[in-house]
Amino acid sequence: MSHENERPARRLTSAFVAAGLTMGLAGGFAALTAGSSNAAAAPGCTAVYSVSSDWGSGFGATVTITNNGPAWSSWTLTYSYAGNQTVQSGWNGKWAQSGKNVTVTNESWNGSVASGGTVAPAGNFGYSGTNTAPTSFAVNGITCNSTGPTTPTSTPSTSPTSTPSTPTSTPSTSPTTVPTTPTTTPSSGGGGHVVNPFIGASQYLSPDYTNEVNAQAAADQGSNPTLAASEAKMAGFQTAVWMDHIGAIAGDSIHHGLQWHLDQALAQQKAGTPILFEVVIYDLPGRDCAAIASNGEIPATSAGLTQYESQYIDPIAAILGDPKYAGIRIAAVIEPDSLPNAVTNQGKPACATATPFYESGVEYALNKLHAISNVYNYVDIAHSAWLGWSSNMGPAAQEYAKVARATTAGFASVDGFISDTANYTPTTEPFLPNTTLQVGGNPLDSAKFYQYNPYFDEYTYDQAMYTQLTGQGFSPNIGMLIDTSRNGWGGPNRPTALNSTPTTPDSYVAANKVDQRPFRGDWCNQAGAGIGERPTVQPYGAGNHIIAFVWIKPPGESDGDYVTPTHPHGDPHCDPAGTNTDGNGGTYPTGSLSTGDVPAGQWFGAEFQQEVTNAYPKL
Ligand code: BGC
């Protein structure tokens, strides 16, 4: 397919920059040993760190790991140093380091570790200052020594069985509480599988996020107490926990790991009310194939797929399936920015290469996560400005159906879909309800901003996608979610009333759209954007297919950085001086903020300030 002939948004691609790049491993991964057993399973592992000698500027150390669970066919050890210790050479494993984070993967000859078996990777290190020993270790994403000092705040046992997510907790609104997944084997006991898990559930508030928010509010208190008061309100809303690289499972220097968050969720859970936890599954082989700077940490190869399965999905599934978390309703957002590329970006070699791995990887993730009865799978469907053209929408629905059919449970492995993840497309365009309104003899959707895409907003897009998806065989019970975290577009430039005087589609659209982007394909740290609708259950009532507004992208966390003369990493789509193209030769400003250059997933204070200021509705 040639790019030149494509419609603009067919080339709209990346919504994300992978933190995997900045957090990524320096070295490659060991070949994986074939084996049928799961790489990771509770109850995990023991890790003992010992320094054999220390000569002031360097030292030798060994990490002796014991497998306390079922056999491993491969293993990845992760831990972090507090100081500037740096791996210089290592053995009994492949050693890599990114910042303070160390990752050791097995050699081809020592990947298999029987239950009760031990392996002892070791290395030589350089350092200056204090050589503080690391205290927290994980193997295949499972924290070792789990009753030890590594998780001091994690209140592990508050109420493991106290509040099963019983069907009775969804009193009225889901008349068909018949599980959509009758064939599921409940692996975690007691967690009923309801149609809309958001109903009757409380929201998990990630302490990682509330800390980010509260720190910003505290910093702004002196100079702008009004802003600070609005900012502080953001700590009261749920945002998702992103598993955006293998190291995120155990936790990294910025965010805590998955077990820690689930333990926090248990602690936040109130008796009689299930708590809802949102996790983003985001690390496919060749992730984000259409963006130059945001390809992920795992290569788009069959070895990469094996790695994704055994070192990423299996450890996540092992944690989510822990019986102590069975009372938590877990909404999993499955792989943003993946399958849409199978529809629109096959002209790009990287996407053509990655597509079969995306399909197999999503299939594997759906299988593993669906097998856990308290997990709900929501597959990402991009947004209206990517798949809204009818020539994209039908093929997209077919692509999702193809992947779902390949899973063990078929269509039942998908609970629903999510649009606008980490994007900025408005939920509604209140002054543009009629996309074919004739203005100056032409329909509104002929405006350059819409390029004949008949879906101007997420509400209409999701309704249409629901019809397409159920038409392909998905259950009528599927629920549609919209990520409204940053699609509010309030502030001074938001139109407040219809202006019907313009006489061309372009000028009419410009005068009336709430979406202030120069181009709908702009996606990185958008200037002018604001917080959108708050997380809401059944925002349009019980009969609507949109079952919840959610905040998947934590507002204030950057979408990505860009290259500068002093800073070689980044994505040109995030450069405020850069341009995006529409595939027909049109170029547009990226619309990205010029007030910061912050890597994906890290805190961007000026962006947060703007989004709070421009919240719509106001905070
Ligand atoms: C980034 C992730 C990050 C997430 C949440 C995404 O855009 O690619 O690395 O974890 O946003 O901030």
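Each value in this text was obtained by applying a stated rule to the coordinates, not by laboratory testing. This one's a predicted model, so the numbers in the text were calculated from it and none came from an experiment. Cβ atoms come from the backbone with ideal geometry, glycine included; neighbour counts cover every protein chain shown.
List of remarks:
- Cα gyration tensor category, rounded, prolate or oblate, for segment 209-356 with a/c compared to 1.5: oblate
- Amide H within-cut-off set for residue 277, under 5 Å, with H built and near neighbours excluded: 329, 330, 331
- Pairs of Cα atoms nearer than 8 Å and 6+ residues apart set the relative contact order; for segment 332-398 it is 46 percent.
- Part-to-part distance (alpha-carbon centres) for segment 221-269 and segment 576-619, which is given in Å: 21 Å
- Other residues whose C-beta falls under 13 angstrom from the C-beta of residue 403 contribute a net charge of -3, scoring Lys and Arg +1 and Asp and Glu -1.
- Taking a ≥ b ≥ c as the square roots of the eigenvalues of the Cα gyration tensor, segment 78-127 is classed as prolate, since a/c reaches at least 1.5 and a/b is larger than b/c.
- Net +/- balance of residues flanking residue 557 in space, Cβ distance below 9 Å, scoring K and R +1, D and E -1: -2
- Segment 331-457: C-alpha gyration tensor shape, a/c 1.5 cut-off, then a/b vs b/c: prolate
- Cβ-to-Cβ counts within 10 Å put 494, 405, 287 in ascending order as 405, 494, 287, the fewest first.
- Net charge of Cβ neighbours under 15 Å - reference residue 440; Lys, Arg +1; Asp, Glu -1: -1
- Relative to its residue count, segment 485-557 spans a Cα convex hull of 134 Å³ per residue.
- Extension gain (nm, one decimal) between residue 108 and residue 438, 0.36 nm per residue minus Cα-Cα: 112.2 nm
- Ranking of 573, 383, 256, 193 by count of other Cβ atoms within 10 Å, fewest first: 256, 193, 573, 383
- Set of lysines near residue 553 by C-alpha distance (under 18 Å), chain-local residues within fewer than 8 positions excluded: 233
- Inter-part distance where segment 45-86 and segment 276-327 are each reduced to a Cα centre, Å: 24 Å
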